Structure formats: C-alpha cells, structure tokens
Amino acid sequence: MTAEFRAHGGAHLDDAALRGLIEELRRQSPDFARLWEQHGVLGREGGARTFNHPKDGFLRFEQVTFELAGHADVKLTILVPG
C-alpha cells in the first residue's frame, strides 16, 4: 500500500501538508517508515485487496478507482467488502 501511496503522492512532495503526513506516518509506523525508504512505486486501478487487521483479522475487499477526466491527480478509491 505504501508503494501505491508513493505513486499517487509522489508528484506532490512539495506540498507541506503531504510532507507532514508522511513524516507523521514514518514516526508512528515502523512498517511504513521501512516501506517508504524502499522507494517502491505501484500504480493500481482496482482489483482484490486483502488486509490483516490487528483486531478484525483477515479482511477482503474489491477496490474500485475513479479518475476525474482531464485531472489525473484527482481520484476516488472505494473498497467494497467482498
């Protein structure tokens, strides 16, 4: 998921709010910090997503992504329980 975040936010790293969010995530999550330092980039439009939630266990979703025509930097991503 960090690679997807980097793919979408990488063009906006000059934004102070985004940089602040990244630094907060790095401080609070050793996993995020490690993955962010790997510089992975992954574009993803949709498909099956799975997560291992610490309280709810294994969760499965279908990801659907909508892009605003003419504005590639505006996306709406929805995770639908599967």
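Here are the numbers:
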| item | result |
| --- | --- |
| Helical segments meeting 27 Å axial Cα length and Kyte-Doolittle -1.0 threshold in the chain (DSSP H) | none |
| Under 14 Å, Cβ to Cβ, from GLU37 - net charge with Lys/Arg +1 and Asp/Glu -1 | +2 |
| Within a Gaussian network of the chain (alpha carbon springs, distance under 10 Å), most fluctuating of ASP14, ASP31, ASP56 | ASP56 |
| Globularity index of the chain, i.e. its alpha-carbon radius of gyration over 2.2 N^0.38 Å | 1.20 |
| Difference of contour (0.36 nm per residue) and Cα-Cα distance, HIS12 to GLU24 | 2.7 nm |
| Linear extension gain, GLU62 paired with LEU76, 0.36 nm per residue minus alpha-carbon span | 3.7 nm |
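Each value in this text was obtained by applying a stated rule to the coordinates, not by laboratory testing. The shown structure was predicted, so the numbers you read here are calculated from the model rather than taken from an experiment. Cβ: placed from backbone, ideal geometry, glycine included. Neighbour counts: every protein chain shown.
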